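Before any comments, here is the structure.
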Protein chains: 2
Amino acid sequence: MSNAPTKREAQIVADPDVPTITITREFDAPPEKVYLAWAEPELVKQWMGPRSIDMQIHTWECRTGGSYRYDAQRDGEAVAHFFGSFHEAVPGERLVQTFGFEELPGAVALETMTFEPLDDGRRCRIVAVSVVDSMEAQAGMMASGMEVGIQEGYEKLDELLASGGVR
Amino acid sequence: MSNAPTKREAQIVADPDVPTITITREFDAPPEKVYLAWAEPELVKQWMGPRSIDMQIHTWECRTGGSYRYDAQRDGEAVAHFFGSFHEAVPGERLVQTFGFEELPGAVALETMTFEPLDDGRRCRIVAVSVVDSMEAQAGMMASGMEVGIQEGYEKLDELLASGGVR
């Protein structure tokens, strides 16, 4: 492993000109391993989202043409419902998916995530570009409180990777 | 049926500020019927795309979480390969899907199509908003020659609807 310091905080940037949001984060694990943490539902539910909620996954078919559906639960009660489809899944390299929220009918984002090797593949950087169809929708996403879920989720993923939980 | 003149030509508008393309077209049939022409693969292959090509559909699962894959054939040879997923399908109302093109790896559009009733539901207007993640990608879509496929495809759909081919 490299001794270079890791950027532990995800950068979340709303483009001022087009309705995209770009999230960048580095991990101390190879891209293939970090990709697995997205691909396998039993891993996903251990880290995705804020610490205050549990993920109840109903469907998670992380393959080109697959779909997903999960609830966010707090104290055993579903507080939000998410669904989408995996447009394209290239293991260790790229994941393109839609993101919908049942509580906001019609709202949908398209996310393209790339897994870039760093330090000869011992570490990686993920770059996730989400696009929506208006600057208003972009502002709504930024105001949704998503940052807590992203930062806390990635911290949990750091812990899962460090504990050897992703093989 | 109403005697009002139909707007036979699709309007295709690239937004100057955000990377969306909006296609608007009216049809002389109820939204439920026009939706069916998108939902049933044996209907889709009779009208979608330019007159110079045939669609060979491998997969067409028009439901929330479904996927699709088809080739465009000319003289029996596949000249282009398309794939994507159906994020959400609400019969007669809304269809949200991704659109990918194997010849342009990584390029993807997200399309939200709404079916709006006109004349007490005897006719309808479809409004399809596609978004990509940069103005360059929007310009590329506009320059791709897609307009021929859209205009000729919708003319074929008019013919299919008029002939009673959609029940």
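The values are calculated or read from the model by the stated rules, or taken from the named source; none is laboratory data. Nothing here was measured: the structure is a model prediction, and the numbers come from that model. Heads up, the Cβs are rebuilt from the backbone with ideal geometry, glycines too, and the neighbour counts pull from every protein chain shown. For the accessible areas, the whole protein counts, side chains as well, though only heavy atoms, and no ligand, DNA or RNA atoms are used. Shrake-Rupley method; radii C 1.70, N 1.55, O 1.52, S 1.80 Å.
Just one of B:Glu32, B:Glu93, B:Glu40, B:Glu9 is modelled with pLDDT under 95, open to solvent by 50 Å² or more (accessible area, probe 1.4 Å) and within 30 Å of B:Asp119 (Cβ to Cβ); which is it?
Among B:Glu32, B:Glu93, B:Glu40, B:Glu9, only B:Glu9 is modelled with pLDDT under 95, open to solvent by 50 Å² or more (accessible area, probe 1.4 Å) and within 30 Å of B:Asp119 (Cβ to Cβ).
If you scan the stretch A:43-62, which residues turn out to be within 14 Å of chain B (Cβ to nearest Cβ), buried (at least 18 other Cβ atoms within 10 Å of the Cβ) and of a type outside the set (Phe, Trp, Tyr)?
A:Cys62
Among (1) among the charged types (D, E, K, R); (2) surrounded by fewer than 19 Cβ atoms within 10 Å (Cβ to Cβ); (3) modelled with pLDDT of 95 or more, which single condition is B:Glu26 missing?
Among (1) among the charged types (D, E, K, R); (2) surrounded by fewer than 19 Cβ atoms within 10 Å (Cβ to Cβ); (3) modelled with pLDDT of 95 or more, the lone unmet condition for B:Glu26 is (2).
May I ask you to list the residues in the stretch A:102-132 that are at pLDDT 95 or above, within 22 Å of B:Pro19 (Cα to Cα) and of a type outside the set (Val, Ile, Thr)?
A:Ala109, A:Leu110, A:Glu111, A:Met113, A:Ala128, A:Ser130
Tally up the residues in the stretch A:110-141 that are free of Cβ contacts under 8 Å to residues at least 60 places away in the same chain and either charged (D, E, K, R) or crowded, with 22+ Cβ neighbours inside 10 Å (or both), please.
4
Please enumerate the residues belonging to the stretch B:142-166 that are at pLDDT below 95, among the polar types (S, T, N, Q) and open to solvent by less than 30 Å² (accessible area, probe 1.4 Å).
The answer is none; no residue qualifies.
Scan the stretch B:19-38 and give yes if some residue there is more than 21 Å from B:Arg94 (Cα to Cα) and aliphatic (A, V, I, L, M), otherwise no.
There is no residue in the stretch B:19-38 that is more than 21 Å from B:Arg94 (Cα to Cα) and aliphatic (A, V, I, L, M).
Since B:Gly65 meets every condition but one in (1) under 27 Å from A:Thr20 (Cβ atoms); (2) within 14 Å of chain A (Cβ to nearest Cβ); (3) surrounded by fewer than 19 Cβ atoms within 10 Å (Cβ to Cβ), which condition does it not meet?
With respect to (1) under 27 Å from A:Thr20 (Cβ atoms); (2) within 14 Å of chain A (Cβ to nearest Cβ); (3) surrounded by fewer than 19 Cβ atoms within 10 Å (Cβ to Cβ), B:Gly65 is out only on (3).
Could you tell me which numbered condition A:Phe99 fails, if it satisfies all but one of (1) open to solvent by 30 Å² or more (accessible area, probe 1.4 Å); (2) over 29 Å from B:Asp17 (Cβ atoms); (3) within 14 Å of another protein chain (Cβ to nearest Cβ)?
The single condition A:Phe99 does not satisfy is (2).
Restricting to the stretch A:112-146, name every residue that is within 13 Å of chain B (Cβ to nearest Cβ) and over 17 Å from A:Gly92 (Cβ atoms).
Once the filter is applied, which keeps residues that are within 13 Å of chain B (Cβ to nearest Cβ) and over 17 Å from A:Gly92 (Cβ atoms), the stretch A:112-146 yields A:Val129, A:Ser130, A:Val131, A:Val132, A:Asp133, A:Ser134, A:Met135, A:Glu136, A:Ala137, A:Gln138, A:Ala139.
Rundown of residues vs (1) over 16 Å from the mean Cα position of the chain (by Cα); (2) closer than 22 Å to B:Leu118 by Cα; (3) assigned to a helix (DSSP H, G or I), yes/no style:
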position	(1), (2), (3)
B:Val18	yes, no, no
B:Leu36	no, yes, yes
B:Gln46	no, no, yes
B:Ile57	no, no, no
B:Tyr70	no, no, no
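Tell me, which strands (runs of 3 or more DSSP E) lie completely within the stretch A:81-167 with 2 or more residues that are among the small types (Gly, Ala, Ser) and under 13 Å from the mean Cα position of the chain (by Cα)?
Counting at least 2 such residues, we get A:123-131.
For the stretch B:68-96, give me each residue that is more than 13 Å from chain A (Cβ to nearest Cβ) and either touching a Gly at 6+ places or on another chain (Cβ under 7 Å) or within 18 Å of A:Cys62 (Cβ to Cβ) (or both).
Of everything in the stretch B:68-96, just one residue is more than 13 Å from chain A (Cβ to nearest Cβ) and either touching a Gly at 6+ places or on another chain (Cβ under 7 Å) or within 18 Å of A:Cys62 (Cβ to Cβ) (or both), namely B:Ala72.
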